[in-house]
Structures are given as C-alpha cells and as structure tokens.
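Have a look at the structure below before the remarks.
Bear in mind that the values in this text are calculations on the coordinates, not laboratory data. Since the model is a prediction, treat every value here as computed from it, not as a measurement. Glycine also receives a Cβ, built like all others from the backbone with ideal geometry; neighbour counts cover every protein chain displayed.
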Amino acid sequence: MIKRSRPKDEILRILSVPDHHPTTEEIFAEVKSLLPDTGIATVYRNLEKLTSSGMIIKLERGSGSSRYDGNLVKHDHCVCKICGKTSDVWLNHGLGDKDLSDVVPGFEVSDYTLEFFGVCGECAKRKKN
C-alpha cells in the first residue's frame, strides 16, 4: 500500500475518467490547476509510484510521450498516428485466460499488449478539409 497524498489522489481522479489516457504533461496541468504548489517532479514521482504499485498502467510509445490509464481491466488500445489520441478497444480475442505459451510456442509469455495504429475520426476530418 502506498501512502496517500493530495497529488496522488488527484492523479487517480484524473485517471478514473473512462477512456481517458492523458500524458504526463496533461496530468500535470490538471493537477497544477487544483494544487498550484505542485511541481512537475512531484507528478512524475507519483506516476511512477502508482505505476509500480499496479494502481495505474503506463502506456509507453517509444520516443513519444507516455500516456497513463486508470482502467486495470485487461483491454487493448488504438492510437492516432497524427494527434496521439489513445482510445480503449474491447476485443474478445480469446487470450484473456489462455496459457499464452500456447500462442507463442517456445516463448514464456508473462503479459502482452495489443495496439492498433491509424488516424482518428477528428484527424481524418481535418485531413479532408
């Protein structure tokens, strides 16, 4: 159990919004608007603590900004290659309770993520205009 604090509580509140995957910078801006004395280092530190304790999920995108997800139920994501918007995808692909070593023979799988990349509806509209 990690120690509670106002910044941690605000981060968890922000990440409790369904289908919301903000970046560190977006989380910081929202926390700072409510707790003006909070610094970016505090937000980074709390995000790492919440991630390592399993209370949130960090969605890493290589060289791009990481995004965070407060929904711990196993699900997948789609990512817009233009704006970075990340949305939940709920697939019944049958891997949930399956022994994943059957899916990838000769490899001991401990977990997996599935992400779809493309263009979101808003960016597609902007491209047309």
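Computed per residue of the chain from DSSP H runs no shorter than four, each worth -39500 (n - 2.57), the mean residue ellipticity at 222 nm is -10000 deg cm²/dmol.
Ordered by the number of other Cβ atoms lying within 10 Å of each residue's own Cβ, fewest first, 126, 67, 4 fall into the sequence 4, 126, 67. Placing dummy labels 7 Å off each Cα toward the beta-carbon, the span from residue 112 to residue 48 is 3.1 nm.
Rg and Dmax of segment 6-69, based on Cα coordinates, read 10.8, 30 Å. Dividing the mean sequence gap of close Cα pairs (under 8 Å, 6+ apart) by how many residues segment 6-69 holds gives a relative contact order of 39 percent.
By other beta-carbon atoms within 10 Å, ranking 116, 107 with the fewest at the front produces 107, 116.
Taking a ≥ b ≥ c as the square roots of the eigenvalues of the alpha-carbon gyration tensor, the chain is classed oblate because a/c is 1.5 or more while a/b is no larger than b/c. The length gained by stretching the chain between residue 12 and residue 24 to full extension, at 0.36 nm per residue less their Cα-Cα distance, is 3.0 nm. If the limit is 21 Å between Cα atoms, which of 8/85; 8/74; 58/127; 85/127 go over it? As for pairs spanning more than 21 Å Cα to Cα, those are 8/85; 8/74; 58/127.
Ordered by the count of other Cβ atoms within 10 Å of each Cβ, fewest first, 86, 51 give 51, 86. Each Cα pair under 8 Å and six or more residues apart adds its separation to the average, and for the chain the resulting relative contact order is 22 percent.
Modelled spin labels at residue 3 and residue 129, positioned 7 Å past Cα toward Cβ, are 5.0 nm from each other.
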